[in-house]
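What follows is calculated from the coordinates using simple rules that are stated; it is not laboratory data. Since we're looking at a predicted model, the values are computed, not measured. So basically every Cβ, Gly included, is an ideal-geometry build from the backbone, and we count neighbours across all protein chains shown.
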């Protein structure tokens, strides 16, 4: 499966990564060769196999309904590049 | 007994159209802490104070599931008569938005915790079954506030990670009226179960509404549009009405309906297309590798089923059977668990018919006028019961009771005290009443003559005068009797 | 006094306990050596002042008996360390200071150790040569032009150059074992779920595991014991008792059955690697183990399956790096533009490649053909191992298809770089434990390692077998210091 430039542009939009034309070009080549490598899997017939659902043979552990967290606003906002005392601040969404 | 026929159709220029509606209701699970983290879910807290490192998706943070939220979903599923899936999987729904710190929402895609079920609606034209497709658990997102600043939005993650039950209906709804009934029923069931408080103003309950239209008789579904995040029943109804008409207009003018996501504009009461296209919904679902499949024991489901409280439909049947109520009356009395509890408290010691009437007419009028719910009732069940007992025993008349009822409201006063204090006891002594009647009749000889010669309407006048003299305390039935005798 | 730098972890712990030397002396020695060795570019963040403070405090107080008492340890910069910058080798986290400590590093500090510094690694653990780090590539002490391997390249290099007595790394497709092999050190990837992932910057959630990197097998057992344990904050953590790997360590491996998988004899396998493998077989036979030929038929599908699963999970795990809550934020007229510029500026080329591949294989219409298929192949690979382990107790293979290669050799050819992980990746896909132990040198005197794969939660057996190989290989470290 070759990954053409339009596909690269489409995936990069989904992944929210902006790319210039040069990058789109080189990525198209890189991704195509990676996909070619990956497509070796097509040689293997897996019709009779079910997918792995978890690598661990255990049941999902749960926790009790208790409030043990929160009230750490300073910590939460501390690393944000743009914030005020109460909120994260971000550029507006164009709706 | 069906009194009306279903009659919601869009009358287009070229014919009659049917409206097909499906609802995806998002109900916040009533729990203390969030679905995958231990921060609080309480509404109205200061911004970002109910946020943990997990909620704000810091590097290396991992989800741990809240067992209670799982049980609440099972309960709700059982309340919808639905199949509980013993194995379900949590999937990541990947998309980018400021209120979604992980860049994905943990949800359930192909293997939800609850499968098919149904909800029964009581419509004026009969009962109707609305199919439930599925119920799944997922995380709620945070909130973006757009209107404080010109250039920026502010993000509050308090709501991020709160457990949501998404209840997907089959496309069985056919009118805004049915949607009203459906949402109210869902809400009622969950409030009975204690799994969601259904508070739409606080956002505990909201819905995405799917609308399409088709010509009557057509078996195929038309293209549908999704109206997202409608947070009141009234808006849902308006949105459906507008959207259905919009689609009919498009189709009748030869155009196509585009499958798209729309928003309901609450200022214009119209729907409009969402300009930001979410990349054609490519959410790239895959099972969340930070979690394992959820495996439930049948024992757990059985135990929850056993411990389920009486649900609205069951209670309604019981009320109709045991208390001899009409379906209409029963519906009102079971619409909220708290109302049914109030009712059953009142009728412990007094007449059911009177109780039904007093609650559904008099009490509800007061509650509605003052925007109160039954838990905030200015008159307690105990005191209402006392009042009704006094009517039954003839101690006071129905009319006086209304006055007493009003006086009871300022502080839930004891009706017996009021009656005693103000001397409102009904006058039922036949001798005394006869005295008053004689008095009135003697003062109105001319009218007596007129009555006897055919003006029957004057009977009411005499009754009125007796009431006036007795300051409303005369026993109306006795007065009637005595008057009839005297005027023969 | 013997050179502290050359002492094993065990000897350092005992030496401090017996007061042969103080924690301060030990710490100062490693700090001095680290400062001299900047050429190797192993450190992203030096914590020397705090380390010295901790050491002095340790010496002042009454001796506390822990597995790692008084020992300074530098760790891969993928572990979130409280109040100490944690970058994951990336520009997008270049200024991120966690307010929390990862469970695994906390386990170390609870055993009496303290942080010496944060070590360089491939960006977000994606790489096999430590050439993708935003903070520059790391150099292998065994040669100025050589890569140390990756992604735990900084850890392996620092360890081999005696800049830290031991270290910990993470392994998703071979990121502990491959650099261990390239630098003549011991590296172990535990069974999936043995060590907690809480607080470790996530790459591929179903594959990542933290593990010990040490100079010898005995130290590896000790460090593994200190790191491991159930963590209720990690839903993939397994509640199985941690063995006393250290005191149960023994050379006595007589009667153990060792599987030699024929599929690992790959096309164009260098003779040296084959010879090394044969040597390993001889060592174990000499120790009384029984050698058996086995088959792991789906081996050749492991790498392609890995390069679907790992990027897919990574594309989702790295979605949180959006400039809103922490890390780098670029300018943007609106939210989407901000996201796109932030992630474009913040991520390096290899990370971008993997995110895009991951996004692609999960995208509409491709999920079944790729991700679902890869998970089926994964099951088959796991079955291969489960079947083999009915007949054998451990499996012996080479760790890497070559010794350390030259810097720049493979960085422009992603697929050629991926082939480095050919022997290590099947193990991650199956969730099993595996160790790389130094077993010899190639004709250029560069280290080569052998890999032992064990049954789930049977780290003890592969540690024991590694000890047997280590004793018999009896390698003398022939590393001339050129980097100070």
Legend entry - For C:347-356, mean number of other protein chain Cβ atoms within 10 Å: 4
Legend entry - chain B - percent relative contact order, Cα under 8 Å, separation 6 or more: 14
Inset, instruction - Would you mind computing, in nm to one decimal, how far apart the modelled labels at residue C:46 and residue C:368 are, each placed 7 Å from Cα along Cα→Cβ? - result: 5.8
Inset, instruction - Quick one: check the C-alpha center-to-center distance for segment C:2-46 versus segment B:198-227, whole angstrom. - result: 68
Inset, instruction - Whole Å is fine, so just give me how far the alpha carbon centre of segment C:79-153 lies from that of segment B:101-135. - result: 47
Inset, instruction - Using a/c under 1.5 as the rounded threshold, could you call the protein assembly as shown rounded, prolate or oblate? The axes a ≥ b ≥ c are square roots of the C-alpha gyration tensor eigenvalues, and prolate needs a/b larger than b/c, oblate otherwise. - result: prolate
Legend entry - Centre separation in Å (Cα based) which lies between segment C:430-484 and segment B:25-79: 46
Legend entry - Residue-span extension gain [residue B:255 to residue B:109] - 0.36 nm each, minus C-alpha spacing: 49.2 nm
Legend entry - Cα gyration tensor category, rounded, prolate or oblate, for chain A with a/c compared to 1.5: oblate
Inset, instruction - Label segment B:141-272 by shape, choosing from rounded, prolate and oblate, from the square roots a ≥ b ≥ c of the eigenvalues of the Cα gyration tensor; if a/c is under 1.5 it is rounded, and otherwise prolate applies when a/b is larger than b/c, oblate when it is not. - result: oblate
Inset, instruction - Sum -39500 (n - 2.57) across every DSSP H segment of at least 4 residues in chain A, then divide by the residue count to get the 222 nm mean residue ellipticity, nearest 500. - result: -11000 deg cm²/dmol
Legend entry - Residues B:241, C:384, A:4, sorted so that the one with the fewest Cβ neighbours within 10 Å comes first: A:4, B:241, C:384
Legend entry - Relative contact order (%) - criterion: Cα under 8 Å, at least six apart; region: segment B:430-486: 45
Legend entry - Relative exposure of B:69, C:220, judged by other C-beta atoms within 10 Å (fewest first): B:69, C:220
Inset, instruction - Please average, across the residues of C:194-200, the number of beta carbons from any other chain that are within 10 Å of each residue's own beta carbon, and give a whole number. - result: 3
Inset, instruction - Quick one: compute the contact order of chain C, relative version, from alpha carbon pairs under 8 angstrom and 6+ residues apart, as a percent. - result: 18
Inset, instruction - Quick one: order B:487, C:159 by neighbouring beta-carbon count within 10 Å, fewest to most. - result: B:487, C:159
